[in-house]
Amino acid sequence: MASDDRWLERLRLELAWFTGRAALGSRGAGAILRLERVRPRRHGGFQPLRAHEITPQFLDRAIHALKRWGYDFIGMDEVCRRAVTLPEQRRFVALTFDGAHKDLVDFACPVLAHHAVPFTIYVPTAFPDGVGQAWWLGLEQVIARESRISLMMGEKEQRFNVADRAEKQALFSHLESWLRSLSPADLSAAIADLCTRYRVDLAALSREAAMDWEDLAKLAADPLVTIGSATVNYPVLANMKDAAALREMNMGKAVAEAAFRRDVGHFAFPFGDRTSFRRSHVIMAEEAGFASAVSTIPGIVDAEGRTNLRALPRISLDGRVRSLRMLRVLVSGVAFAPVKPTGSASDRT
């Protein structure tokens, strides 16, 4: 069903291109693009996370195209300004990266430096400390290795046979959704149990995938780079009590500010979809002192204050965007309904 939905979405975007909607019209002030991993294409059949990746070559082509289409590349401070002022003649794009992955340094930064474009990195601070858990990588490796998998799900042990790629993909989707529904403590226990059973070193996987503080310090010295926060441990905030969620947000900000000796004014909700945070977390982002907070809910940023700065939409530039035609339709905004404003702290009575 998910693959059918992706196919229909690609068809809808291609049709928007061929009917000229993207070329003839656009809406909003601009778009924030969300990227996760930029690295060369990997070989092998089972790659459930490949949808979150693009190649350095596609990133280069995308930036070339956006420049050709007349977009301004801006940082998040300027996004906040343009979101509350009158519309400008030229529309903008802002590049943002989630997760502080090591391949940003190895493969994305050379492309970004060549084009001299600004970008923002949202850092979950446990990962450069070497103690973050990239549980999705552990889950991927267990399923890739094994044809029979058992684990405790709640009070009951469940067993699965996964003989081919389709069955592995279905199981990954099922377990990823289940793990995302757990509290942080339960998730940590569940993935630790699974990885221990199948001798997957989750700590090593997580450290290998993430930048360290030295990597981040070099990037932070670049005036084109903005460092943002993404909590400490990158939890699903909606699965936490409010006090714990606010502590994650405040601590992530404080650790990043101590590390870089500057104000960290921009935030990304971990995972960022509609099920991962609530209106109360939007209010917390304002109370924590963030000038902006981005989601992964797709959409366009409007001018004149019509888009809440602590619930900004982003368009994912990832493996699901298969062509520059699709990218042009997405950044034009014609494919999206206006994002419904979300309340801020000042709205409360």
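The values are calculated or read from the model by the stated rules, or taken from the named source; none is laboratory data. The structure displayed is predicted, hence computed values, not measured ones. Here Cβ is always computed from backbone atoms with ideal geometry, including for glycine, and neighbour counts include all displayed protein chains. Heavy atoms of the whole protein, side chains included, go into the accessibility calculation; ligands, DNA and RNA do not. Shrake-Rupley method; radii C 1.70, N 1.55, O 1.52, S 1.80 Å.
Listed values, structure above:
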{"quantity": "Extension reserve of the residue 322-residue 64 stretch, reckoned as 0.36 nm per residue once the Cα distance is removed", "calculated": "91.3 nm"}
{"quantity": "Heavy-atom accessible area per residue - the range 201-349, 1.4 Å, Å²", "calculated": "42 Å²"}
{"quantity": "Selection from 297, 285, 181 lying farthest towards where the dipole of the chain points positive, charges on Cβ", "calculated": "297"}
{"quantity": "Chain lengthening between residue 177 and residue 217 when straightened (0.36 nm per residue, less Cα-Cα)", "calculated": "11.0 nm"}
{"quantity": "Cα→Cβ-extended label distance, 7 Å offset, between residue 242 and residue 86, nm", "calculated": "4.0 nm"}
{"quantity": "Among 265, 70, 228, residue whose mean-square fluctuation peaks in a GNM of the chain (springs only between Cα atoms under 10 Å)", "calculated": "70"}
{"quantity": "Charge tally in the Cβ shell below 13 Å around residue 78, where Lys, Arg are +1 and Asp, Glu are -1, residue 78 excluded", "calculated": "+1"}
{"quantity": "Inter-label distance for residue 152 and residue 50, nm, one decimal - labels placed 7 Å from Cα along Cα-to-Cβ", "calculated": "3.5 nm"}
{"quantity": "17 Å tail of the calculated P(r), the range 81-172, as % of Cα pairs", "calculated": "70 percent"}
{"quantity": "Apportionment of accessible area to carbon and sulfur, the chain, percent (1.4 Å)", "calculated": "52 percent"}
{"quantity": "Loop sites in the range 151-226: GluC sites (Glu not before Pro), DSSP, at most 16 other Cβ within 10 Å", "calculated": "155"}
{"quantity": "Residue pairs, from the table 102/253; 156/253; 168/241; 218/241; 102/156, whose Cα atoms sit over 30 Å apart", "calculated": "156/253; 168/241; 218/241; 102/156"}
{"quantity": "Computed [θ] at 222 nm, helices only, for the chain once each DSSP H run of length n ≥ 4 contributes -39500 (n - 2.57)", "calculated": "-12500 deg cm²/dmol"}
{"quantity": "For the chain: relative contact order, % (alpha-carbon pairs under 8 angstrom, 6 or more apart)", "calculated": "25 percent"}
{"quantity": "Mean separation of Cα contacts under 8 Å (6+ apart) over length of the range 96-157, as relative contact order %", "calculated": "31 percent"}
{"quantity": "Segments 218-224, 329-335 sorted - mean Cβ within 10 Å per residue, highest first", "calculated": "329-335, 218-224"}
